[in-house]
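> Supplied in structure tokens, the structure appears directly below.
The values are calculated or read from the model by the stated rules, or taken from the named source; none is laboratory data. Since this is a predicted model, take the numbers as computed values, not measurements. We place every Cβ from the backbone using ideal geometry, glycine too, and count neighbours over all the protein chains shown. Keep in mind that these areas ignore ligands, DNA and RNA; they rest on the heavy atoms of the full protein, side chains included. Shrake-Rupley method; radii C 1.70, N 1.55, O 1.52, S 1.80 Å.
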Amino acid sequence: MRVSFTGSSRGLIASVLGVALALVVSGCGTLSGTVRPQSALLADRPLEGRVVADPTEPVAPSPPVVDAASPEPGAHAITAHSAPVPEATTVATEPLTPAEPAASADDAVMAQVRAPEPLAEPMDAAEYDPWEPFNEKMFEFNRNLDRYVLKPVAKAYNVVMPEPFQVMISNGFDNINFVPRLVNSALQGKWGGAGRELSRFLINSTAGIGGLFDPAKDYWGIPKSREDFGQTLGVWGSGPGPYLVLPFMEPLTVRDGIGKLVDSFMDPLSYYLPLFWDRLGMKVGDVVNERSLNLDLYQGFEESVIDMYSAVRHGYLQRRERLIRE
């Protein structure tokens, strides 16, 4: 489904700012990306020395073949290619090329000796990015924000908060946010995923001391599902729409932005902490805690990638498409 937008640039900027304000509460993100895989074409191997006979004419038997390495005294070396060839046969000594359409009887024979065609290179997922100039500026803003603000704060937080406590805090936030994953698993018809989320919540809320620990995964081997409403819209047939980067946010598409808004209404904290600033403070704490757990996450990626913006965009869109197909 193609998403189209009309109106003046002033209306577009106002709409983007409105979406950004609504999405800040639902989540701040960090950069993620993958390196575009390269694929090679198979070389076309010519077939030489193949004999193609007309199936409508009889073929005379070939004379005996004598090994050229040890011919009899006084005799010349004889090979299969030096044997007399009937007029009804054709010897192909050059690489064969696809023939013109012929009779059906000849097609059956020629199909066996034609060289295989090279495999086509797989197409990348569509990267619809009509707002690229705006997105690049916002991407650079978020990248500098992470480099000069979020990462230094996370380093200071890492000094005062030991890593085991950071893991417990992360588990607690993850346990509270089980509702969107459960509901979206059910909306997509993934009843196994919905059952896993309910089981994880019951186990971790009790044996995990309110979700601070994850015995559901560590002892029972029950993994967390990764469903959200953006994926649900994709499963229902909605197209991703344009690629979008907003301040303080992870990469998005219009479809995923709508999905984040819907998921925010399923967040239990929005009902226990109705005030905007309370919820924003909780979200900032979650982001800082996660960044502290992944201090060196992007170091190698930034050093190995030349075009960071394109790599992140490609990796994000590929990952979202893969999650929808799962």
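> One residue is enough: does the range 251-274 have a residue meeting the conditions of a type in the set (D, E, K, R) and without any contact (Cβ under 8 Å) to a residue 24 or more places away in the chain? I'd like the intermediate steps shown before the answer.
As a first pass, look at the range 251-274 and keep what is of a type in the set (D, E, K, R): 255-256, 260, 263, 267.
Then drop every residue that is not without any contact (Cβ under 8 Å) to a residue 24 or more places away in the chain, which leaves none.
No.
> On to the next question. Please give the number of the condition MET168 fails out of (1) at pLDDT 95 or above; (2) under 26 Å from the mean Cα position of the chain (by Cα).
(2)
> Among the residues of the range 223-271, what is the count of those that are among the acidic types (Asp, Glu) and either part of a helix (DSSP H, G or I) or open to solvent by less than 10 Å² (accessible area, probe 1.4 Å) (or both)? So that I can check it myself, show each step before the final result.
Of the range 223-271, the ones among the acidic types (Asp, Glu) are 227-228, 250, 256, 263, 267.
With the extra rule that they be either part of a helix (DSSP H, G or I) or open to solvent by less than 10 Å² (accessible area, probe 1.4 Å) (or both), the set shrinks to 256, 263.
Qualifying residue count for the region: 2.
> How about the range 199-216: which of its residues are assigned to a helix (DSSP H, G or I), surrounded by 15 or more Cβ atoms within 10 Å (Cβ to Cβ) and of a type in the set (A, V, I, L, M)? Before the answer, list the steps.
In the first step, residues of the range 199-216 are kept if they are assigned to a helix (DSSP H, G or I); the result is 199-206, 215-216.
Right, trim to surrounded by 15 or more Cβ atoms within 10 Å (Cβ to Cβ) and you get 200-201, 203-205, 215-216.
Of everything in the range 199-216, those that are assigned to a helix (DSSP H, G or I), surrounded by 15 or more Cβ atoms within 10 Å (Cβ to Cβ) and of a type in the set (A, V, I, L, M) turn out to be ILE203, ALA216.
> Could you grab the pairs with beta carbons closer than 6 Å, sequence gap of 6+ or different chains, first residue in the range 166-189 and closer than 13 Å to SER205 by Cα, second one in a helix (DSSP H, G or I)?
PHE173/ASP286; ASN175/ASN204; PHE178/GLU197; PHE178/PHE201
> Which numbered condition trips up LYS224, out of (1) basic (Lys, Arg); (2) under 16 Å from ASN142 (Cβ atoms); (3) out of contact with any Leu (no Cβ under 6 Å at 6 or more places or on another chain)?
In the conditions (1) basic (Lys, Arg); (2) under 16 Å from ASN142 (Cβ atoms); (3) out of contact with any Leu (no Cβ under 6 Å at 6 or more places or on another chain), LYS224 misses (2) alone.
> A further question follows. Kindly list the number of the only condition in (1) closer than 24 Å to ASP286 by Cα; (2) in contact (Cβ under 8 Å) with a residue 12 or more places away in the chain; (3) polar (S, T, N, Q) that fails for THR206.
THR206 satisfies all of (1) closer than 24 Å to ASP286 by Cα; (2) in contact (Cβ under 8 Å) with a residue 12 or more places away in the chain; (3) polar (S, T, N, Q) except (2).
> Please enumerate the residues belonging to the range 275-326 that are touching a residue at least 40 places away in the same chain (Cβ under 8 Å), within 25 Å of PRO162 (Cβ to Cβ) and charged (D, E, K, R).
Once the filter is applied, which keeps residues that are touching a residue at least 40 places away in the same chain (Cβ under 8 Å), within 25 Å of PRO162 (Cβ to Cβ) and charged (D, E, K, R), the range 275-326 yields LYS283, ASP286, GLU290, ARG291.
> Test of understanding: among ASP146, ASP129, which residue is of a type in the set (D, E, K, R), touching a Leu at 6+ places or on another chain (Cβ under 8 Å) and touching a residue at least 12 places away in the same chain (Cβ under 8 Å)?
On the way: ASP129 fails: touching a Leu at 6+ places or on another chain (Cβ under 8 Å).
Step by step, each of ASP146, ASP129 is checked, and only ASP146 is of a type in the set (D, E, K, R), touching a Leu at 6+ places or on another chain (Cβ under 8 Å) and touching a residue at least 12 places away in the same chain (Cβ under 8 Å).
> Can you find, within the range 125-146, the residue that is modelled with the lowest pLDDT among those that are open to solvent by 80 Å² or more (accessible area, probe 1.4 Å) and part of a loop (DSSP other than H, G, I, E, B)?
Residue satisfying both the conditions and the ranking: ALA126.
> In the range 290-308, which residue that is open to solvent by 60 Å² or more (accessible area, probe 1.4 Å) and aliphatic (A, V, I, L, M) is farthest from SER170 (Cα to Cα)?
Among residues in the range 290-308 that are open to solvent by 60 Å² or more (accessible area, probe 1.4 Å) and aliphatic (A, V, I, L, M), the one farthest from SER170 (Cα to Cα) is ILE306.
> Another question, then. In the range 156-188, which residue that is hydroxyl-bearing (Ser, Thr, Tyr) and closer than 27 Å to LEU198 by Cβ is least open to solvent (accessible area, probe 1.4 Å)?
From the range 156-188, those hydroxyl-bearing (Ser, Thr, Tyr) are 157, 170, 185; that's our starting set.
Narrowing further to those that are closer than 27 Å to LEU198 by Cβ: 170, 185.
Numbers: SER170: 25, SER185: 1 Å².
The residue in question is SER185.
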